[in-house]
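Since the structure comes first, as structure tokens, the remarks are kept for the end.
The values are calculated or read from the model by the stated rules, or taken from the named source; none is laboratory data. Values in this document were obtained by computation on a predicted structure and should not be read as measured data. So basically every Cβ, Gly included, is an ideal-geometry build from the backbone, and we count neighbours across all protein chains shown. Each accessible area value is taken on the protein alone, full model and side chains, heavy atoms only, with ligands, DNA and RNA left out. Shrake-Rupley method; radii C 1.70, N 1.55, O 1.52, S 1.80 Å.
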Amino acid sequence: MKHDLPPGRGKPMRLLALLAFALLGVLVAGLMGLMPGDLIPRESGARTAMDFFQGALRPALQHNNWVPPGAPSLFEAIAAATQRTILIAFAALGLALVFALPLAFLGAECTWKGNTSLLARWVPKSTRLGIALLRSVHEYLLALLFLAAIGLSPGAGVLALALPATGILAKIFGELLDEAQTHPFRAMENLGATRATALLFGTLPRALPDLAAYTFYRLECALRGSFILGFFGFPTLGLGLRLAFEEGDYPTVWTYLYALIALMVIFELSSAAMRRRLRS
Amino acid sequence: MSFPPACALGEVGLKIDGRPILEAVSLQVGPMERVAILGPSGAGKTTLLRVLGASLAPSQGTVQVLDKNPWQLKSNHLRDLRSQIGFVPQDYALVPNLRVWQNVAAGRLGRTGGLSHLRRMTLPRAQELRDLHGVLEQVGMGDLLFATTSTLSGGEQQRVAIARSLYQEPALLLADEPVASVDPARAEQVMALLVRLADENRLPLVVSLHDVALAKRHTDRVIGLRGGRVLFDLPSKDLAAHKCEKLYALPGQKETPR
Amino acid sequence: MSPSPLDKRIAELRRTRSRSLGLRLGGTIFACFVLYAWFSPSLELHNLFAEDRRENLQRFFTVDLVPLSVQRDGSGLLGWFAWALGVLQDRALLASAQTLGLAIVAIVIAAGGAAILASFAAREDPSSTGISSREKDNFCEVPTEDSQSQRADAGACSTDTSRKASSPWLGRCLRLGFGLTRSLPEYLLAFLMAATLPHTAWPAVLALALHNGGILGRLFTETLENVPAGPGRSLQASGAGPVQTTLLAAWPEAFTRAVALTFYRFETCVRDATVLGMVGIGSIGYLVVEARARQDVPEQFLLVLCGASIVLASDLLSRMVRRRLR
């Protein structure tokens, strides 16, 4: 039975690497002053946690604080914030899609394969660098920057979400295009189609279900991003949550949390259903 | 022959990664001729067809397809030439998630068109749909005009691929192993279809095949290819059994006398 | 002119073609939402390009972005570099290092926890349904190329466990947990934890570790389940228990891929770590918030550049390691 033993055994290097990996974690944690003792909430923290979790059982159904007369009720406020959260996510992803697809084609191998011109040498490389750059700045950092540059408007949030999303979509789209079957593409080139035409009608339709499936997944990410934008002052669900949290109004926090969870569940379920359909 | 040949190869050699695939292949295909290329697996049949279809440039020798040397043409003229060559690949090379009519309409993507292709592939005019339907009727599939291609059987997909080639309105029809994956009865049908279509559209037809009997029944001429060389090039009726044995002999058996 | 019989036939064929209503509906809804978001007045996106916004933007690039010291002595680009060096030496470099450290600690915890939990979540599979579990959807299929792992987390969000009816309840719970932890925004987790824990970097680390642990857990589980069943079977035949089987048969096979996945997540981890500092201490994000409070736009910008460069660097590192592993 010995020959049947998995090949991975007897590789002490791996154990060593694992050990080094764990040690690195401990070492860095020590350097950063992260002590296990700090994982236990102090007395005040524990009380906050208690209050917070008690809020879960009795989420606020109306404003707990004073609001100016004529102000929208809590549910109206949440509904409006939810609408803005969704719209910002869609606006950002729509914008990202428009730019991601051309970028994906420019950066994909399949667009340039067999082309030896100078253009084919430099365009995909610089496109990929651009894609990496787009992705490298986190959307929340961008949001803060845009706040300073453009001012507090949903548009700034949309841009902040859209730029990194363009990068990641372009990157993944490029890979999906490269993985799509090349037979139709070749057949179309053989019947005289230009490379662009063959890519458009041979490669793209084949990859389209995968592209769409990934877009739906990204939509969930954009939604999470849009929610968090509220923490920086944008008028999404996160804003209300943060304000309530800072006032210690945990029941209201939980109302917002439940709204977020419901939103995420609805989106994940429908996006999963779409992806299942796209695969079949 | 009084007409110029549809294609002519002179001493064509082709190497891929330094390995010779074709060596000193010379042949001519006349107008309206039905030619079968016979040979064992790996003999270079597909490569030869691709050279004839102007999609693969030989490393040496001369190529004339439809009176032109494809490898001296500018790229737009090469595309023009290719749009006149119908090639039915062995794997059909259809886009499975497009509709049948779209896959057939792709046959005309080789014509100059630019953005009009986008319209033609998404919003076909009534006349275009009639043409597409007509081409599909020729292969007996008119009713599947709007079917999703991936839901078709292998045989049906092959017919779609043939229809795509016909929709090109080609001057030459090539088919790579059209009967490689069908049972003998269907093989007979497919060959008859190809020959009929070639007759109806007055096209020269070149088909690569394994089956000698099938080739003899349906084509005028057989070319035996082995190890990248032409072993024989005869009218079908003159093909004798011992030649076929030599063509298909396994390497070890080669010298065994009978 | 009445349509010919042929046209009628074609029209009928078109009418009776098979259509996926769900997909159409989904696509249409998607498009409608995007168009509504852009062209309805609710988000006021049209005034993104309005006059005052443009003025804002112009002022931002010509005035706001220039550090005060440079503005005072008019020393131009050279002065900017001197100023940037000063900020870097004083705090930005340290913050960058802290950001990296945050990501490292988080990924170690995440990978360790995920590896242990995945061993239980995937316990049944190598021996019983090793081959059949290969029937996976696009995103969950164990990719042969590491580039696909980038997309792997797309599958990780679906909490669909129905396809493994034979799995024990523990595995099912774990998989559900993996799905849940990754679907809450990690920033929110960090924010909530920061209120209860003492003032350290732990909330950020824990939030990152939890989120990535969920994703890695799911990916590890799938990797383990897709390991060829042969060695596991023979080990079981010689009397090994399920835990031993996973440890001795499945993990050695899955090891390389698990490392590749970890490095892939590391890159994302660094990216997220740049902002998670906003709720705790240390890291770039904290300094950004601090600079924002001082209305110091040039420093914010410099810090964002710092963040981008460490993300790019870790992207490069992760890519190199994964290429080496292939």
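Shown in residue order for the stretch A:187-199 are the 3J(HN,Hα) couplings computed by the Karplus curve 6.51 cos²θ - 1.76 cosθ + 1.60 at θ = phi - 60°: 4, 6, 4, 5, 9, x, 6, 5, 4, 4, 4, 5, 5 Hz (x for Gly and Pro).
Which order do C:169, C:251, A:122 take when ranked by solvent-accessible area (1.4 Å probe, heavy atoms of all protein chains), largest first?
Putting C:169, C:251, A:122 in descending order of accessible area: C:169, A:122, C:251.
Counts of other chain beta carbons within 10 angstrom of each beta carbon in peptide C:103-116 average 3.
Only sites in a loop by DSSP and with at most 13 other Cβ atoms within 10 Å count here; which chymotrypsin sites (Phe, Trp or Tyr not before Pro) in the stretch A:14-66 make the cut?
Passing both the DSSP loop test and the Cβ count: A:66.
When the residues C:33, A:75 are ordered by accessible surface, computed with a 1.4 Å probe over the protein chains alone, the sequence from largest down reads A:75, C:33.
Taken one residue at a time, the phi angles of the stretch A:168-177 give Karplus couplings (6.51, -1.76, 1.60, θ = phi - 60°) of 5, 4, 4, 4, 5, 4, x, 5, 5, 5 Hz. Gly and Pro are set to x. Over the residues of the protein assembly as shown, the helix contribution to mean residue ellipticity at 222 nm works out to -19500 deg cm²/dmol, using -39500 (n - 2.57) for each DSSP H run of at least 4. The long axis of helix A:237-246 is offset from the longest Cα principal axis of chain A by roughly 40 degrees. Relative to its residue count, chain A spans a Cα convex hull of 270 Å³ per residue.
You can think of it this way: the chain between residue B:151 and residue B:62 has 27.8 nm of extra reach, that is 0.36 nm per residue less the Cα-Cα gap.
Averaged over peptide A:26-39, the number of partner chain Cβ atoms lying within 10 Å of each residue's Cβ comes to 6. Other protein chain C-beta atoms within 10 Å of residue C-beta, averaged over B:104-112: 5. Here the simple spin-label model places points 7 Å from the Cα toward Cβ, and for residue A:266 and residue C:24 these points are separated by 2.4 nm. Taking amide H as placed 1.01 Å from N in the peptide plane, the amide H of residue B:181 sits under 5 Å from none that are at least 5 places away or on another chain. Across q = 0.13, 0.16 Å⁻¹, the stretch C:1-92 modelled as identical point scatterers on its alpha-carbon atoms has Debye log10 I(q)/I(0) values of -0.78, -0.87, in the order of the q list. Taking all protein chains as they are arranged and a probe of 1.4 Å, the heavy atoms of residue A:84 leave approximately 70 Å² accessible to solvent.
Between residue B:77 and residue B:220, full extension at 0.36 nm per residue minus the direct alpha carbon distance yields a gain of 48.3 nm.
Solvent-accessible area of residue B:29, all protein chains in place: 0 Å² (probe radius 1.4 Å, heavy atoms, ligands and nucleic acids excluded).
A probe of 1.4 angstrom, applied to the heavy atoms of all protein chains, finds residue C:319 with accessible area near 90 square angstrom. For q = 0.14 Å⁻¹, what log10 I(q)/I(0) does the stretch A:64-218 give under the Debye formula with an equal point scatterer on each alpha carbon and no solvent? Evaluating at q = 0.14 Å⁻¹ gives log10 I(q)/I(0) of -0.78.
Phi-derived couplings, Karplus 6.51 cos²θ - 1.76 cosθ + 1.60 at θ = phi - 60°, listed residue by residue for the stretch C:94-111: 4, 5, 4, 4, 5, 4, 4, x, 4, 5, 5, 4, 4, 6, 5, 4, 4, 5 Hz, with x used for Gly and Pro. Compute the Cα gyration tensor for the protein assembly as shown, then decide on rounded, prolate or oblate, letting a ≥ b ≥ c be the square roots of its eigenvalues: rounded whenever a/c is under 1.5, prolate when a/b is larger than b/c in the other cases, and oblate in all that remain. Prolate shape, in that a/c is at least 1.5 and a/b is the bigger ratio.
Once the Cα atoms are used to define both axes, helix B:126-138 deviates from the longest principal axis of chain B by about 30 degrees.
Simple spin-label estimate for residue A:67 and residue C:42 gives 1.8 nm between the two label positions (7 Å along the Cα-to-Cβ direction from each Cα). Close amide H pairs (under 5 Å, H built 1.01 Å from N) link residue B:85 with B:171, residues at least 5 positions away or on another chain.
Which sequence of B:237, B:74, B:68 reflects their accessible areas, 1.4 Å probe, from the largest down?
B:237, B:74, B:68
Once the Cβ-Cβ distance of residue C:116 and residue A:47 is raised to the sixth power relative to R0 = 35 Å, the FRET efficiency obtained is 0.60. Plainly put, the stretch B:93-169 has a radius of gyration that is 0.93 times its Kirkwood radius, both from alpha-carbon atoms, as the Rg/Rh ratio. Give, as a single signed number, the net charge of other residues whose beta carbon lies under 13 Å from the beta carbon of residue B:79, with Lys and Arg counted +1 and Asp and Glu -1. Net charge in that neighbourhood comes out at +4. Neighbours of residue B:135, meaning other residues whose beta-carbon lies under 11 angstrom from its beta-carbon, give a summed charge of 0 when Lys and Arg score +1 and Asp and Glu score -1. Largest GNM mean-square fluctuation among B:36, B:147, B:163, using chain B with Cα springs under 10 Å: B:147. In terms of overall dimensions, the stretch A:135-228 has a Cα radius of gyration and Dmax of 17.7, 54 angstrom.
Would chain B count as rounded, prolate or oblate if I go by the C-alpha gyration tensor, calling it rounded below 1.5 in a/c and otherwise prolate when a/b exceeds b/c, oblate otherwise?
Here chain B falls in the prolate category.
Relative to the dominant Cα principal axis of chain A, helix A:118-136 is inclined by about 10°.
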